[in-house]
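Heads up, the thing below is written out as structure tokens.
The values are calculated or read from the model by the stated rules, or taken from the named source; none is laboratory data. Quick caveat: nothing in here was measured; it's all calculated off a predicted structure. No Cβ is skipped: glycine too gets one built from the backbone with ideal geometry, and neighbour counts run over all protein chains shown.
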């Protein structure tokens, strides 16, 4: 559940530094030395995953594939600049970790890194979450609220799944990027903001613009640098290294000496890993928990959605070994998506109170006042 709550699947704020889920996912990118003058505050760290050279070198990749060596070199060159960066790649390839590394190795490292999953916020609330709101802006707004732009002041704002942002709001975002000023909902005063923007999407840039999910003018503004994260299946030789690194981390955490059965790493190498590094990590952890001394990889996904022909249109299935909190979170968010963001209907479907749904979503990082202001939507 830690990974689900602290990953890019939900909105959270990190002041500053890397959440533990990102550290667990560091295998998808690289480790770099921190440039002089970019001191780290408490909790701000970039660490490797274990011995045998896996993340151990001060300027080495976690993984030896040519693709990741190239990505690492590109990230090192981009990090000191103030230019906007767009990171594209399949889910689980490490887009958020790349954004965090760009922040950590920039001159803004001592300021906040604020991550926002645009797809996790109901469309009616995105503007207020990004730009904030004034007291009295709507029913329930009893206090002034600073949005993500203000919270990320002098730091980095990471907008994940940027194509999930309503197209009409993208025009306002473009205006903010051009002027460096925001206006809170319900207010009239322009407020200067100083943030570096990093965005991400699991769609190809050409498809984003062609399908009108992203304004073309906004795309050119956001993609001064475009970084493409390779899927794990294209990282030749990295799967075995990563699997072993995850196992060693788990052994260190639990004080055990478990090892893979013969043939386990060969099986991992032959698997396509559609969920990429995130799927590999979850697979190793799930298999580790269920094993005694010898770990046999369980390649069944932790959960997946599938058409089943009933009224709900989709289902969420979990195998033995998935943590209760993670299953609960995925079930709630999948049901909310199926109900079109309607929280009252979601509560009815799940057989819980509306307050329970609100409290869970707030726990995942959404502002409670904004959720209440959305009413039954």
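Can you name the residue in region 149-170 that is over 14 Å from residue 198 (Cα atoms) and touching a helix residue (DSSP H, G or I) at 6+ places or on another chain (Cβ under 7 Å) and is also surrounded by the fewest Cβ atoms within 10 Å (Cβ to Cβ) among such residues?
Selected residue: 166.
Could you check residue 216 against (1) in contact with a helix residue (DSSP H, G or I) (Cβ under 8 Å, 6 or more places away or on another chain); (2) in contact (Cβ under 8 Å) with a residue 12 or more places away in the chain and say which number it fails?
With (1) in contact with a helix residue (DSSP H, G or I) (Cβ under 8 Å, 6 or more places away or on another chain); (2) in contact (Cβ under 8 Å) with a residue 12 or more places away in the chain applied to residue 216, the lone miss is (2).
Does region 206-218 hold any residues that are surrounded by fewer than 18 Cβ atoms within 10 Å (Cβ to Cβ) and assigned to a helix (DSSP H, G or I), and which are they?
Hits for region 206-218 are 206, 207, 210, 216, 217.
Is region 51-65 home to any residue that is modelled with pLDDT of 85 or more and touching a helix residue (DSSP H, G or I) at 6+ places or on another chain (Cβ under 6 Å)?
First, the residues of region 51-65 that are modelled with pLDDT of 85 or more: 65.
Pick out the ones that are also touching a helix residue (DSSP H, G or I) at 6+ places or on another chain (Cβ under 6 Å) and you get 65.
Looking for residues that are modelled with pLDDT of 85 or more and touching a helix residue (DSSP H, G or I) at 6+ places or on another chain (Cβ under 6 Å), one finds at least one in region 51-65, hence yes.
Give, as residue ranges, the helices (runs of 4 or more DSSP H) completely inside region 331-377 that count at least 1 residues that are outside the structural domain of residue 123 (by TED's automatic domain parsing) and at pLDDT 75 or above. Show your work before the answer.
Details: elements: 343-350, 354-363, 368-373.
Fully inside region 331-377 and qualifying: 343-350, 354-363.
Could you tell me whether residue 131 is buried (at least 23 other Cβ atoms within 10 Å of the Cβ) and either farther than 14 Å from residue 159 by Cα or in the same structural domain as residue 218 (by TED's automatic domain parsing) (or both)? Quick ask: steps written out before the conclusion?
Details: buried (at least 23 other Cβ atoms within 10 Å of the Cβ): yes; either farther than 14 Å from residue 159 by Cα or in the same structural domain as residue 218 (by TED's automatic domain parsing) (or both): yes.
Yes, satisfied.
Give the residues of region 270-286 that are in contact (Cβ under 8 Å) with a residue 60 or more places away in the chain and in a helix (DSSP H, G or I), sorted by residue number.
If the condition is that a residue be in contact (Cβ under 8 Å) with a residue 60 or more places away in the chain and in a helix (DSSP H, G or I), then 276, 277, 278, 279, 281, 282 are the ones that fit.
Across region 177-196, what is the number of residues that are surrounded by 13 or more Cβ atoms within 10 Å (Cβ to Cβ) and assigned to a helix (DSSP H, G or I)?
Residues in region 177-196 being surrounded by 13 or more Cβ atoms within 10 Å (Cβ to Cβ) and assigned to a helix (DSSP H, G or I): 1 in total.
Just to be sure I understand, how many residues within region 114-131 are in contact with a helix residue (DSSP H, G or I) (Cβ under 6 Å, 6 or more places away or on another chain) and closer than 12 Å to residue 164 by Cα?
5
Within region 239-259, is even one residue crowded, with 19+ Cβ neighbours inside 10 Å, modelled with pLDDT of 90 or more and farther than 27 Å from residue 98 by Cα?
Looking through region 239-259, none of the residues is crowded, with 19+ Cβ neighbours inside 10 Å, modelled with pLDDT of 90 or more and farther than 27 Å from residue 98 by Cα.
For the condition in contact (Cβ under 8 Å) with a residue 12 or more places away in the chain and closer than 16 Å to residue 165 by Cβ, what is the one hit in 228, 203?
Details: 228 fails: closer than 16 Å to residue 165 by Cβ.
Residue meeting the stated conditions: 203.
With the checklist (1) in contact with a strand residue (DSSP E or B) (Cβ under 9 Å, 6 or more places away or on another chain); (2) outside any helix (DSSP H, G or I) in hand, flag the one item residue 142 doesn't pass.
Going through the list (1) in contact with a strand residue (DSSP E or B) (Cβ under 9 Å, 6 or more places away or on another chain); (2) outside any helix (DSSP H, G or I), residue 142 breaks only (1).
Take the residues in region 344-359 that are under 23 Å from the mean Cα position of the chain (by Cα) and under 14 Å from residue 122 (Cα atoms), then tell me which one is surrounded by the most Cβ atoms within 10 Å (Cβ to Cβ). Don't jump to the end; show me each part of the working.
First, the residues of region 344-359 that are under 23 Å from the mean Cα position of the chain (by Cα): 357-359.
If we keep only those that are under 14 Å from residue 122 (Cα atoms) as well, we get 357-358.
Numbers: 357: 21, 358: 17.
So, considering only residues that are under 23 Å from the mean Cα position of the chain (by Cα) and under 14 Å from residue 122 (Cα atoms), the one surrounded by the most Cβ atoms within 10 Å (Cβ to Cβ) is 357.
Within region 219-246, can you find the residues that are more than 30 Å from residue 258 (Cα to Cα) and either assigned to a helix (DSSP H, G or I) or out of contact with any helix residue (DSSP H, G or I) (no Cβ under 7 Å at 6 or more places or on another chain) (or both)?
Those that are more than 30 Å from residue 258 (Cα to Cα) and either assigned to a helix (DSSP H, G or I) or out of contact with any helix residue (DSSP H, G or I) (no Cβ under 7 Å at 6 or more places or on another chain) (or both): 219, 220, 221, 222, 224, 228.
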